[in-house]
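Just so you know, all these numbers are worked out from the coordinates, no wet-lab data involved. These numbers were taken from a predicted model, which means no experiment stands behind them. Don't worry about glycine lacking a Cβ; one is built from the backbone with ideal geometry, like all the others, and counts go over all protein chains shown.
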């Protein structure tokens, strides 16, 4: 009882407990802000990584697998699956308008179903928008321009169909969508938007320079070279083709946006020879002496017959979107079951379920390297800040040690009145707990307020002191993540209180062990 | 209480302090009987061990253990030197009350709280909540009797020396102890105030039947006691002359 009375009195009559509270408050706020921002960063990155992948990916790389339409039909018939789409994913070389040649990831997609399984439509960059992006205060984004609204709508429509109208031939051609950072002709501003260059320059062998269209959706095209594969999946010949660019996309993952080209599935199937093809199988006659004349050469040869069939089109991946409320892991398990049924129905034509065991993966598995890297980074930053904040323990300890020394005579008086050693220890631990609670409450509140308004605070710092910590040109996300996770706030709060309790333990032990006679004589 | 009416018995108590590497013997086998209701004054030169004896009797300190010798301090036939720390805490909270020369009030607490804190310690959280009214009533009554009825909300810094000592006495008496151990209670006060304090104690002692052991170096004050003992060379000498 006397502990609560003295705790109350000590709290309100000294500067030192306020300093201890401030130390806890700042420590709690710092950790909460760091964790929330880094956690938000990870969350944004993860969601971006998911944007072009779907929930589960069924992959048989290079050669791909046939009868994917049947697999998709089976998947879509299942209530746990919302949709599925085939893609071909491979690598190739892309020749940019300025003649630079870059290694690129090519995704051959079926635009209509791809849009339902992934967030492809949201990633399309050149389209009309109503509201400016959060940092575009001067509305300098060309997508907002009413005069460009119509053409932006055309660009968007082209991206949705992966086609572009060619005025010269009067035909609508298959087209591709490039990652917005591939050409280097879209300059990302500090407002987090892109300022497109309308013209690019191409160096000529004679030392001259040729002007070429820089804004890709408006007449730009790239040269694409891939290695065609034979039916065994072995590369045979390089195939090159010009791909008009319909639009550009921004997934939010820099690596993806600098090295990805999306083209129609059919285009990729034809270039890689993975489209449906007539199959001719030559079988020698059973009688080795039976001869016939070769119609091409006119020479005699052993008689043989041709068996004609059809090689079905193939895709390297089927992307699957789980139905609403279905966990990704459950959807993955279901996909494995459905694939097993599918493989049984096409035995010999498609890889068996055993081979596919590790090829049916969730989007998290696919992005594991990236996610783990950011998780580790977050962990490292938290660890460093944790160590820094751990100094709070020593700060509280120092403050409490000093206070316990100052209150030596009080301890002697209380012991003379019959207070036990445990009671004296509890006085300081309780005091530490109360200071920790108050510090942690204010620290959590401060952290919450700062994180919730971090972008406004950041802008104010920029305006007032010229400080730009989060530059969208470097960090790729327009805004600093500003969500506080309740579970994180609770953990940080508890750790904040424990920090203070920990800091009070040694002074509590020292006070409890104090000789009451010496304490009473303390000057 | 023993048949002889002894409430506190000190037998062959030795106490040595260690100052750095030097051992300083203070008490060399003190024997003392304190009878119930008695007022004993302990006289002695500075450093003679008067306060040490008081601390030992009040269970704030423990006597030396000397091999082959039996030293004990008993309160109502219960040997307090063999008590565990928890039982000793209870002894200090219930059976004895301390008054110090420099008052030793808690500076952050007001007069009322300074007195009630003894009750809080004795009764614990639940006990204090149950007995809050009676404890506070007793505190008010004591403080009123000591002339501090209108100073209940004041802090020690706002009181005079005499007032502070009255608060300290009220605090010592809040749990109705059997023995009051006073260490030069008027040593820091002028004579008039000191006398007034002694009057206060004396009145209360008479009405409550309180036993009191008072350390003093002032023979005039000692003369008011029922019995005077002197501490000379760390041993007790009865002083029939006073």
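Ranking request for peptides A:415-424, A:342-351: highest mean number of other beta-carbon atoms within 10 Å first, then the rest in descending order. Before the final figure, lay out each step's value.
Working: A:415-424: 22.6, A:342-351: 15.0.
In decreasing order of mean packing, A:415-424, A:342-351 become A:415-424, A:342-351.
Counting only DSSP H runs of at least 4 residues, each contributing -39500 (n - 2.57), and dividing by the residue count of chain B, the helix-based mean residue ellipticity at 222 nm comes to -12000 deg cm²/dmol. Here the relative contact order of chain A, from alpha carbon pairs under 8 Å that lie six or more residues apart, stands at 26 percent. Our summary gives segment B:115-242 a relative contact order of 20 percent, counting only alpha carbon pairs under 8 angstrom and 6 or more residues apart. Between residue A:116 and residue A:165, the FRET efficiency from the beta-carbon distance, with R0 = 25 Å, is close to 0.50. At an R0 of 45 angstrom, the distance between the Cβ atoms of residue B:208 and residue A:506 translates into a FRET efficiency of 0.55. A crude spin-label estimate for the pair residue B:85 and residue A:241, with each label 7 Å from Cα along the Cβ direction, gives 8.7 nm. Maximal additional length on extending the residue A:11-residue A:426 stretch stands at 147.9 nm, based on 0.36 nm per residue less the C-alpha distance. Counting only the backbone N, which residues of segment B:202-239 are under 20 Å from the spot 7 Å out from the Cα of residue B:45 toward its beta-carbon? Inside the label zone: B:215-220, B:222, B:229-239.
By the count of other C-beta atoms within 10 Å, a proxy for reagent exposure, A:335, A:500, B:116 are ordered fewest to most as B:116, A:335, A:500. Helices in chain A, meaning DSSP H runs of at least 4 residues, each add -39500 (n - 2.57). Divided by all residues, the mean residue ellipticity at 222 nm is -15000 deg cm²/dmol. The distance between label points at residue A:402 and residue B:154 comes to 3.2 nm (points 7 Å beyond Cα on the Cα→Cβ vector). Tell me whether chain A comes out rounded, prolate or oblate; compute the Cα gyration tensor, take square roots of the eigenvalues as a ≥ b ≥ c, and use a/c under 1.5 as the rounded threshold. Since a/c reaches 1.5 and a/b is larger than b/c, the shape of chain A is classed as prolate. Highest mobility in the GNM of chain B, judged by mean-square fluctuation with C-alpha springs under 10 Å and restricted to B:111, B:30, B:99, is found for B:30.
Once you order the gyration tensor axes a ≥ b ≥ c over the Cα atoms, which shape class does segment A:351-506 get: rounded for a/c under 1.5, otherwise prolate or oblate by comparing a/b with b/c? Since a/c reaches 1.5 but b/c is at least a/b, the shape of segment A:351-506 is classed as oblate. If R0 is 25 Å, the Cβ-Cβ spacing of residue A:344 and residue A:275 corresponds to a FRET efficiency of close to 0.45.
Measure nothing fancy, just the Cα-based angle from helix A:149-161's long axis to the longest principal axis of chain A, in degrees from 0 to 90, nearest 10. The angle comes out at about 70 degrees. Working from Cα positions, state the angle (0 to 90°, nearest 10) between the long axis of helix B:111-145 and the longest principal axis of chain B. Compared with the principal axis, the helix lies near 80 degrees. On a 0 to 90 degree scale, rounded to 10, what angle separates helix A:486-512 from the longest Cα axis of chain A? That helix lies at roughly 30 degrees to the long axis.
Give me the inter-chain shielding for A:339-346: mean count of other chain Cβ atoms within 10 Å, whole number please. Working shown, then result.
Details: counts 0, 0, 0, 0, 0, 0, 0, 0.
The per-residue average across the peptide is 0.
Between residue B:67 and residue A:452, the distance separating the two model label sites (each 7 Å from Cα on the Cα→Cβ line) works out to 7.3 nm. Sorted ascending by nearby beta carbons within 10 Å, beginning with the fewest, A:245, B:40 become B:40, A:245. The slack in the chain from residue A:383 to residue A:324, taken as 0.36 nm per residue of separation less the alpha-carbon distance, amounts to 17.6 nm. Counted by neighbouring Cβ atoms within 10 Å, the residues A:242, A:378 run from fewest to most as A:242, A:378. For segment A:190-285, the relative contact order comes to 20 percent (Cα pairs under 8 Å, sequence separation of at least 6).
In terms of the Cα gyration tensor, with a ≥ b ≥ c the square roots of its eigenvalues, is segment B:1-95 rounded because a/c is under 1.5, prolate because a/b exceeds b/c, or oblate? Prolate is the answer for segment B:1-95, as a/c is 1.5 or above and a/b outweighs b/c.
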